[in-house]
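Got a structure here, written out as C-alpha cells. Questions coming.
The values are calculated or read from the model by the stated rules, or taken from the named source; none is laboratory data. Everything quoted here is computed from the prediction, not taken from an experiment. As a convention, Cβ positions derive from the backbone with ideal geometry for all residues, glycine included, and neighbour counts pool all protein chains shown.
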Amino acid sequence: MALDRIPNAKPKVRGAMEAPYRERGKGRSFLWYVYSPRSDKDWALRSDLEYYHFLSVEADPSIASVDYAPKKRVTRVAGEYIASVVDVEIKLATGVVIWREVKSEASLAANADARAELQLLAQSKQSSRIGDRYELVTERQLLANPMLLRNWHQAIPWIAQVRDVPLEQEVDEIAALIMRKGTVMFSQILELGGRNDQAIYGAAILRAVQTGAIRSDLDAKPFCKYTRFKIA
C-alpha cells in the first residue's frame, strides 16, 4: 500500500527525527513524523509497519488513549532480568490496558526460538502480573483492511491542521444536523462551515468518529465528499 510521506520537514520536525535516524543506523526502513489526535502529541515512528499500526489505533473508537513510546518494563525470568519490548501502550474505553508489540512476520520467524524462550515469556508474565494484557501485532492483522488505513491516512491531516482549535461547538452543530437528517455526507458537513471554516467542520466530524460519538463508513468505502456519517 503506497502512501505519501511528508516531502519537506520543518526545522522542528528535522530536530525531532535526529534521534530516530541515529538509532536506525544503516537500516532502510522509512521514518514517519506524525501527529496523533488520540494522544494530542507528535511522534516519530520507525517503520511503515508502525505507521500502519498508528493508523489502525487512531481509527479505533474503542481506544481511549495511547502512548507510542512507552518505557521498557523489566521482569525476572529463570533468574535473569529481561527487558520487555513494548512498542505501544493502549488504554481502552473500558479501562483495560494493552501492551502491544508491533513486529513483521519475517522478523518473528528469524528470531523465533529466542523469543519463545525469553522475550514472549517476559512480556506475558510482566503484563499479567499487573493485570494488563499483552498483544503481538503483525502486518497480517494490520493490512487486513487497507481501505481503513488509506482513509485515515487522509483523515488525520484534517484534524492535525486545526489541532489547537476547540471543536466542541462544531461537533454539537454536526450532531444536531445528523439528528435531523439521520445520515449526512461529508460534503454536507463542510457546508456548515461556509467558505472559511470548512477545515474546522471537517476536522470536527472526524474527531467525533475517533471518539465513537459518530459512526461512519470509513472502514468500507473511500474517504470522499460522499462519506456518510450517523449517530453511533
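Within the range 145-161, is there a residue that is under 17 Å from residue 59 (Cα atoms) and without any contact (Cβ under 8 Å) to a residue 60 or more places away in the chain?
Yes, the range 145-161 has at least one match.
Is it true that residue 168 is over 15 Å from the mean Cα position of the chain (by Cα) and at pLDDT 95 or above?
Here the answer is yes, as residue 168 does meet what is asked.
Answer with yes or no whether residue 199 is surrounded by fewer than 18 Cβ atoms within 10 Å (Cβ to Cβ) and either modelled with pLDDT under 95 or outside the structural domain of residue 35 (by TED's automatic domain parsing) (or both). Even if it seems obvious, please write down each step before you answer.
Working: surrounded by fewer than 18 Cβ atoms within 10 Å (Cβ to Cβ): yes; either modelled with pLDDT under 95 or outside the structural domain of residue 35 (by TED's automatic domain parsing) (or both): yes.
When the stated conditions are applied, residue 199 passes them.
Quick one: what pairs do we get from the range 184-204, first residue in contact (Cβ under 8 Å) with a residue 24 or more places away in the chain, second basic (Lys, Arg), C-beta under 6 Å, 6+ apart or different chains?
Between residues of the range 184-204 that are in contact (Cβ under 8 Å) with a residue 24 or more places away in the chain and residues that are basic (Lys, Arg), the close pairs are 185/228; 186/225; 187/225.
Would you confirm, using the coordinates I've provided, whether residue 180 is among the basic types (Lys, Arg), outside the structural domain of residue 107 (by TED's automatic domain parsing), surrounded by 15 or more Cβ atoms within 10 Å (Cβ to Cβ) and part of a helix (DSSP H, G or I)?
Against the criterion (among the basic types (Lys, Arg), outside the structural domain of residue 107 (by TED's automatic domain parsing), surrounded by 15 or more Cβ atoms within 10 Å (Cβ to Cβ) and part of a helix (DSSP H, G or I)), residue 180 does not qualify.
So how many residues does the range 75-102 have that are assigned to a loop (DSSP other than H, G, I, E, B) and modelled with pLDDT under 50?
Residues meeting the conditions: 2.
While we're here: Specify the residue that is modelled with the lowest pLDDT; the eligible residues are those in the range 103-143 that are under 19 Å from the mean Cα position of the chain (by Cα), charged (D, E, K, R) and surrounded by 14 or more Cβ atoms within 10 Å (Cβ to Cβ).
133
Is there a residue being in a helix (DSSP H, G or I), modelled with pLDDT under 90, outside the structural domain of residue 210 (by TED's automatic domain parsing) and aliphatic (A, V, I, L, M) anywhere in the range 19-42?
Checked the range 19-42: at least one residue is in a helix (DSSP H, G or I), modelled with pLDDT under 90, outside the structural domain of residue 210 (by TED's automatic domain parsing) and aliphatic (A, V, I, L, M).
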